[in-house]
Amino acid sequence: MPFYDYYGDWSATSVGKGWVRAQTRYVLDRLMRALPSASSLLEIGPGRGAFADACRQKHLQYCALDINARLLRGLSRRGHRGVLARATHMPCASETFDIVFASHVIEHSPGYSEALTFLEEMRRVVKCGGLVVIIAPDYLALREDFWNCGYSHSFVTTRRRLRQIYHDAELTIIDDRSLYGPLIGLTGWVAGQTLGGVFWDRLPG
């Protein structure tokens with residue numbers, strides 16, 4: 001399926017790559033501190049593979065799931081395992097992975113029902129005691145750029161809305177925090193609220 005081939009044609013900038021690598025290191029380090037025993041991770045929507053490369057460095061058993069065959073072929077050439085499927089119908093056995101991770105994916109759900117099904121599938125394939133991790137843009141920070149930066153953005157995500165849908169999916173929230181590229185916590189929140197999506201289109205990672 002050619003979905004999002006558009007972004008595959010972009011050339012990554014050196015600044016964009018550094019931005020993504022910094023965020024990736026921070027996120028993966030937090031996940032490993034939260035679950036030190038983790039040995040396997042499923043990433044839904046792997047993008048260019050920065051998280052896949054970081055998982056290899058941590059010696060995690062990594063698998064990517066996406067609906068873009070071209071993207072998965074690129075990951076395969078770099079030695080990463082991938083599965084071509086929709087996030088709402090994962091061809092994975094229940095309780096397979098220690099961590100199930102999706103960055104900037106849930107907002108592409110057509111609506112609430114699909115977003116809830118997506119989270120329920122993540123919960124199904126994660127092991128008991130594992131982590132279901134979502135990174136999503138904050139509409140309250142991006143405003144109109146929420147619609148402009150991704151042509152399939154359909155499900156509005158904010159911190160409060162994500163907390164609500166986690167509850168509906170019967171998931172227990174153990175932590176949430178603001179993240180703007182490599183900036184975290186209050187700094188990340190302030191940057192997101194003031195800069196929003198200003199730099200995202202200029203720094204493809």
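The values are calculated or read from the model by the stated rules, or taken from the named source; none is laboratory data. Note that this is a predicted model, so its numbers are computed, not measured. Every residue, glycine as well, gets a Cβ built from its backbone with ideal geometry; the counts of neighbours run over all protein chains shown.
Okay, residues lined up against (1) farther than 25 Å from Met32 by Cα; (2) out of contact with any Lys or Arg (no Cβ under 7 Å at 6 or more places or on another chain); (3) charged (D, E, K, R):
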{"site": "Arg143", "(1), (2), (3)": "yes, yes, yes"}
{"site": "Phe146", "(1), (2), (3)": "yes, yes, no"}
{"site": "Tyr151", "(1), (2), (3)": "yes, yes, no"}
{"site": "Val156", "(1), (2), (3)": "yes, yes, no"}
{"site": "Arg161", "(1), (2), (3)": "yes, yes, yes"}
{"site": "Ile165", "(1), (2), (3)": "no, yes, no"}
{"site": "Leu179", "(1), (2), (3)": "no, yes, no"}
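Gln23 meets all of the listed conditions (1) in contact (Cβ under 8 Å) with a residue 60 or more places away in the chain; (2) surrounded by fewer than 20 Cβ atoms within 10 Å (Cβ to Cβ); (3) not hydrophobic (A, V, I, L, M, F, W, C) but one, namely (2). Pick from the range 163-180 the residues that are touching a strand residue (DSSP E or B) at 6+ places or on another chain (Cβ under 7 Å) and among the aliphatic types (A, V, I, L, M): which of them is surrounded by the fewest Cβ atoms within 10 Å (Cβ to Cβ)? If we take residues in the range 163-180 being touching a strand residue (DSSP E or B) at 6+ places or on another chain (Cβ under 7 Å) and among the aliphatic types (A, V, I, L, M), then Leu171 is surrounded by the fewest Cβ atoms within 10 Å (Cβ to Cβ).
Kindly provide the set of residues from the range 61-99 that are in a helix (DSSP H, G or I) and not basic (Lys, Arg), ordered by number. Those that are in a helix (DSSP H, G or I) and not basic (Lys, Arg): Ala69, Leu71, Leu72, Gly74, Leu75, Ser76.
Cβ separations smaller than 6 Å between residues 6+ apart or across chains give the following pairs from the range 151-167 residues that are more than 12 Å from Leu119 (Cβ to Cβ) and without any contact (Cβ under 8 Å) to a residue 40 or more places away in the chain to residues that are among the charged types (D, E, K, R) and assigned to a loop (DSSP other than H, G, I, E, B): Thr158/Asp138.
Surrounded by 18 or more Cβ atoms within 10 Å (Cβ to Cβ), at pLDDT 95 or above and under 16 Å from the mean Cα position of the chain (by Cα), is that true of Leu131? So Leu131 passes the test. Taking the condition touching a residue at least 12 places away in the same chain (Cβ under 8 Å), in contact with a helix residue (DSSP H, G or I) (Cβ under 6 Å, 6 or more places away or on another chain) and either closer than 19 Å to Ile174 by Cα or not in a helix (DSSP H, G or I) (or both), does Ala102 pass? It is false that Ala102 is touching a residue at least 12 places away in the same chain (Cβ under 8 Å), in contact with a helix residue (DSSP H, G or I) (Cβ under 6 Å, 6 or more places away or on another chain) and either closer than 19 Å to Ile174 by Cα or not in a helix (DSSP H, G or I) (or both). For the range 36-44, the criterion of being among the charged types (D, E, K, R) and modelled with pLDDT of 90 or more is met by at least one residue.
Of all residues in the range 64-97 being under 16 Å from the mean Cα position of the chain (by Cα) and of a type outside the set (A, V, I, L, M, F, W, C), which is nearest to Lys127 (Cα to Cα)? Restricting to residues being under 16 Å from the mean Cα position of the chain (by Cα) and of a type outside the set (A, V, I, L, M, F, W, C), the top hit is Thr88.
Between Arg86, Arg48, the distinction of being in contact with a Gly (Cβ under 7 Å, 6 or more places away or on another chain), surrounded by fewer than 21 Cβ atoms within 10 Å (Cβ to Cβ) and not aliphatic (A, V, I, L, M) belongs to Arg48 only.
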